[in-house]
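In what follows, a structure is listed as structure tokens, so that the remarks can point back to it.
The values are calculated or read from the model by the stated rules, or taken from the named source; none is laboratory data. Nothing here was measured: the structure is a model prediction, and the numbers come from that model. Cβ placement follows ideal geometry from the backbone for every residue including glycine, while neighbour counts extend to all protein chains displayed. SASA here: full protein model, heavy atoms, side chains in, ligands and nucleic acids out. Shrake-Rupley method; radii C 1.70, N 1.55, O 1.52, S 1.80 Å.
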Amino acid sequence: ASAHTTMIRLAWQMDHHDNVTHAMREAADRIALFLSKKAVEQPELKLRTSPATLFVVVRAVMGVIRSASLERSALLGTPEFEAELQRMAWSLLVDGQIAAN
């Protein structure tokens, strides 16, 4: 690994305490389970639910929320912000299309 990659990894590790990481993993697992159940219950949605897809989608959403929170963004909690999170998640979950509200 390059020195740059090592420094980034170290910064992220210092930012995450074990209890925070554990809580985030539990939340991510619950969201992934919900999406997997939704895919079974509504096969017409054609959700992509491979472990890799679910990992990326859930962490992407959580990362955006984390960044908005740390930056104290005025967008956090607004309907526009939530709509964009949904659009991002659906674009990753639904093969080749963005689901409408």
**OP:** Kindly establish whether Leu93 is at pLDDT below 90, more than 21 Å from Val20 (Cβ to Cβ), out of contact with any Asp or Glu (no Cβ under 7 Å at 6 or more places or on another chain) and open to solvent by less than 60 Å² (accessible area, probe 1.4 Å).
**Re:** no
**OP:** Take the residues in the stretch 42-87 that are over 19 Å from Asp29 (Cα atoms), out of contact with any Lys or Arg (no Cβ under 9 Å at 6 or more places or on another chain) and hydrophobic (A, V, I, L, M, F, W, C), then tell me which one is least open to solvent (accessible area, probe 1.4 Å).
**Re:** Ala68
